[in-house]
Amino acid sequence: MRHCFQANGLFRNNWQDLRNPIRREREVTLAFYQHGNLSIFRNAKNIENKLQRGDFESLLEVITSQWNDEKIPLFVAEGTGIKKLESIKSSPYLSTIFYEVLSSLITKNSNLVIYGWGLGEQECHLIQQIFKHDTVGKVAISTYSKDQNECHRIFSRLKGISDKIEVEFFDSQSSGCWNNA
């Protein structure tokens, strides 16, 4: 798995190049943090970088040692979808994910698995961006509560954006769901 940050902690703007397998890899999984992460910091000059732990310190120690008035974690957790989108647009890293990565996640040749995300109203901006191109493909979505009303709500929302998308739900607690989704 590749998180698309370089050794110096800066995000690779040419992240698409990382999709190409190297050495003996058959396929590549890229990891992005669409609402940030506590280990990604923004400084007063709006420069963002991902922290890495040293050999003898925990990631939490590194985060707390860096967190000060001029350096804060890049993490969007609360607010309406509109407020979250404003925060996304103010960040070079989050903007890249929103405008470039999300709309390229699913195609007729690549499927998408959504695990641990309720696709609530406050994340409509992300859902719209992922499925905005009248997407053809498959998406598998984990459910925790097996609530049929919730599955219907999500199914209807996705079909309202792209009726060509094939939607499948799976139990997030099922044995082997990571291997079969």
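The values are calculated or read from the model by the stated rules, or taken from the named source; none is laboratory data. Note that the coordinates shown come from a computational prediction; the quantities given were computed from them, not determined experimentally. Every residue, glycine among them, receives a Cβ derived from its backbone with ideal geometry; neighbour counts consider all protein chains shown.
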Residues that are over 26 Å from Gly79 (Cα atoms), of a type in the set (Lys, Arg) and part of a loop (DSSP other than H, G, I, E, B), drawn from segment 105-142: Lys108
Close pairs from segment 83-96: first in the same structural domain as Gln34 (by TED's automatic domain parsing) and among the hydrophobic types (A, V, I, L, M, F, W, C), partner buried (at least 18 other Cβ atoms within 10 Å of the Cβ) and part of a loop (DSSP other than H, G, I, E, B), Cβ under 7 Å, at least 6 apart: Ile88/Val76
Residue count, segment 23-65 (criterion: among the β-branched types (Val, Ile, Thr), over 18 Å from Ser90 (Cβ atoms) and modelled with pLDDT of 85 or more): 3
Selection count, segment 156-166, where residues are surrounded by 16 or more Cβ atoms within 10 Å (Cβ to Cβ) and within 13 Å of Gly120 (Cα to Cα): 2
Odd one out for Gln129 among (1) surrounded by fewer than 16 Cβ atoms within 10 Å (Cβ to Cβ); (2) of a type in the set (S, T, N, Q); (3) under 18 Å from the mean Cα position of the chain (by Cα); (4) not assigned by TED's automatic domain parsing to the domain that holds Ile40: (1)
